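The values are calculated or read from the model by the stated rules, or taken from the named source; none is laboratory data. Because the structure is predicted, anything quoted here is derived from the model rather than measured. Positions of Cβ are backbone-derived with ideal geometry, glycine not excepted, and every protein chain shown enters the neighbour counts. The area values use the complete protein model at the heavy-atom level, side chains included, leaving out ligands, DNA and RNA. Shrake-Rupley method; radii C 1.70, N 1.55, O 1.52, S 1.80 Å.
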Amino acid sequence: MPKAYKIALFLMVLLSSLVFAQTDPFNNPVVLISDTSECLGVAVGDYNNDGWDDVFIARGDSRDGNPFTNLLFKNVNGSLVLDNSSGLSSENQISVGAAWGDYNNDGYIDLYIAEAKEGGMPYDPTPPNNLYLNDGPDEFTFTKVTDAGPIVTDEIDSRVVAWGDRNNDGLIDMFIDNGFVMFGSNGKAQNSFYTNIDGHTFHRDSVSDVGNIVSDSSIYKTFGSGFGWCDYNNDGWMDIFNCSGGGATNRLWKNNNGNGFIDVLNHTFQDTTGGYRFASVGCSWGDFNNDWKMDLFVTNAIDSPAGNNFLYINHSTATLDSFEFLGASAGDVYNDYYYSQGSVWFDFDNDGDLDLFTSSLGRSDTDSSRLYMNTGYPDYNLVAIHSVIEALDPGDGTGRGNGRAVAALDVNRDGALDLVVTRVGEPLLYMNKGTSNGYLNVKLTGRDGYTNKLAIGAKVKIVAHIPEQGEGVTRQMRELEGITGGLAQSSQVLHFGVGTASVIDTVYVEWPVSGNIDVFTDVAPNQTMHVNESEPSALSNAGQILRKYKLGQNYPNPFNPTTYIPFTLPKSEHVTIELFDINGQKISTIYNGVRPAGKHVIRFHPSNLASGVYFYSLKAGSFKAIHKMMLLK
């Protein structure tokens with residue numbers, strides 16, 4: 001890079017930091033409830049299907065073992081209002097983490113809550129976790145489930161919970177990081193896995209079912225650590241990164257095609273200062289550098305002494321596991337030395353790259369939470385900027401810090417993401433002041449009885465020319481996850497900032513289970529797209545041996561406005577599908593990416609093509625094929 005360009009880039013970053021220091025991007029916090037009881041987990045979800053994200057907060061005193069009543073805030077046209085009529089506030093326990101998920105695929109999200117043991121004595125009772133079924137319309141109340149099997153009867157001291165479909169059967173399963181407190185000290189416990197059998201009953205998984213991720217061996221136990229579901233290698237199977245917690249080791253658990261999990265890259269995720277990480281308690285996955293691969297942020301120790309945060313760049317593929325630890329080259333996000341716990345990736349300024357917020361459990365001026373601005377293309381640095389959310393102070397003199405979890409959502413649906421932060425104290429809402437940059441929201445709904453209705457595990461990718469991100473096109477990706485930062489769940493409406501782009505060239509929706517892909521072209525910004533998964537046109541591959549490549553004829557043909565392009569792969573391949581006009585001139589790339597072996601369908605939604613004859617081609621390895629299609633308007 002030329003020296004002059006480097007200097008110009010440095011001045012641009014410096015100027016951006018100074019601008020944000022003077023014009024804070026967030027308003028002063030809104031106190032959600034004037035109660036200084038400890039708040040732990042936060043889960044965002046639209047429980048009443050009205051298009052407005054609601055907020056559940058789990059409460060319990062992790063320090064003294066005091067139970068508290070949980071909180072549900074209903075979003076009423078952009079205002080969060082305490083709702084005591086839903087049935088979720090009836091328990092008085094030490095609730096830690098919580099997760100929304102439609103476990104029975106009826107279209108109404110349900111809630112699972114981790115319940116911790118009261119007190120630190122051996123004779124103190126250990127409660128089971130709670131599963132609440134959403135009763136749906138017209139009241140949208142919740143009924144406590146007692147007949148779902150061991151997921152609601154096992155008496156375990158739980159901390160962090162999240163849904164994910166580990167075996168791609170369309171039914172979401174539950175992973176739990178457990179732990180315990182004994183005589184005031186943290187203790188490690190084995191993790192728990194519960195596989196969803198039929199949308200009603202859950203099976204408790206053993207090592208023979210899912211591997212050492214649930215082993216009772218001391219080397220695999222953790223203390224209530226944060227974790228994150230994510231398909232980090234884009235092979236179609238959801239993996240798990242499990243943070244260390246008290247004295248354990250950070251571990252990346254690779255999903256072995258639904259046949260349990262394998263511990264990989266063990267040494268990569270250990271401490272880089274000469275020892276092991278002893279208390280990483282939260283992680284967040286996000287495509288930090290816009291390469292369509294999910295990168296990993298891990299918060300530092302909350303135990304004394306505090307440690308550095310970790311940022312890992314993902315270079316993995318379906319056949320290669322590779323992460324690059326940035327260390328000090330990550331800049332402020334590594335060098336800031338404080339007690340961080342919660343974290344979330346989100347594009348707060350809608351400029352087309354993911355920014356980062358971390359909450360600090362510390363209470364001194366040097367233990368502030370941080371908002372990091374991503375400088376974007378070409379260097380992708382995270383620069384700490386001043387923000388009112390650093391202080392986590394409601395403005396009433398009660399103090400700063402004490403941050404726990406943080407979740408991102410668009411409370412008032414203005415296209416700018418807001419934050420809810422739980423604390424050892426009053427929970428706070430930080431409203432984004434907004435930006436002139438554009439955005440795209442994508443709301444997914446899985447097909448009945450085939451893919452989980454909430455579409456957890458689905459990926460959305462977009463391609464757009466964003467002037468602020470340099471020449472060429474910018475690629476962004478989001479994966480619909482059930483957890484961030486350890487104790488939080490952000491909105492299931494996937495959010496993209498698109499800067500001053502006038503149009504989004506292409507939107508890809510990659511569905512779990514079926515592997516089918518929706519392709520939309522020339523999408524207008526500043527809207528919420530609602531995408532429903534169609535009938536799965538690719539038949540199940542179970543019991544089949546696929547030996548040949550094949551490109552099928554699109555159907556219907558002629559078509560308007562949507563057509564399906566089927567193809568078959570005998571092995572995982574990089575696939576390119578291109579569109580040509582009648583003269584053989586290339587018009588666009590319909591799809592470009594890696595797909596696993598099996599039968600696939602691309603659902604093509606062109607919005608700018610004129611009536612006429614077109615050709616589409618498939619390239620996969622050495623295989624090439626071409627077919628004709630006709631559009632009639």
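Counting only lysines at least 8 places from Lys619 when in the same chain, those with an alpha carbon closer than 20 Å to its own are Lys548, Lys550, Lys571, Lys586, Lys599, Lys628. Can you return the lysines within cross-link range of Lys433? Criterion is Cα-Cα under 27 Å, with same-chain partners fewer than 8 residues away left out. By straight Cα distance, Lys433 reaches Lys74, Lys443, Lys461.
The stretch 45-62 and the stretch 463-499 have Cα centres separated by 22 Å. For the stretch 560-607, the relative contact order works out to 51 percent when only alpha carbon pairs closer than 8 Å and six or more residues apart are counted.
With R₀ fixed at 56 Å, the C-beta to C-beta distance from Asp209 to Val31 puts the FRET efficiency at about 0.80. Annotation: per residue accessible area for the chain equals 37 Å², rounded to a whole number [probe 1.4 Å, protein chains only]. Between the Cα long axis of helix 3-22 and the first principal axis of the chain there is an angle of about 50°, rounded to the nearest 10. The distance separating the Cα centre of the stretch 133-158 from that of the stretch 549-581 comes to 43 Å. Taking all protein chains together, Lys443, Lys117, Lys548 sort by accessible area into Lys548, Lys443, Lys117, largest first [probe 1.4 Å]. Taking all protein chains together and rolling a 1.4 Å probe, Tyr614 ends up with roughly 20 Å² accessible.
The alpha carbon centroids of the stretch 215-269 and the stretch 404-418 are separated by 28 Å. Each of His200, His627, His530 has its accessible area taken with a 1.4 Å probe; listed largest first, they run His530, His200, His627.
Mean residue ellipticity at 222 nm, helices only, the chain: -1500 deg cm²/dmol; runs of at least 4 DSSP H residues each add -39,500 (n - 2.57), and the sum is divided by the number of residues. The DSSP beta bridges internal to the stretch 518-633 are antiparallel in roughly 90% of cases. Computed with a 1.4 Å probe on the full set of protein chains, the accessible area for Arg423 sits at about 10 Å².
Counting only protein heavy atoms and a probe of 1.4 Å, the accessible surface of the chain is 51% carbon and sulfur.
Across the chain, Cα pairs under 8 Å and at least six residues apart give a relative contact order of 12 percent.
Under the criterion of Cα pairs below 8 Å and six or more residues apart, the relative contact order for the stretch 189-247 equals 27 percent.
Note on Lys619: accessible area approximately 90 square angstrom, rounded to 10, probe 1.4 Å, nucleic acids and ligands left out. Cross-link partners of Lys117 among aspartates and glutamates, defined as those whose alpha carbon lies under 15 angstrom from its own and excluding same-chain residues fewer than eight positions apart: Asp61, Asp64, Glu91, Asp154, Glu155, Asp157, Asp177.
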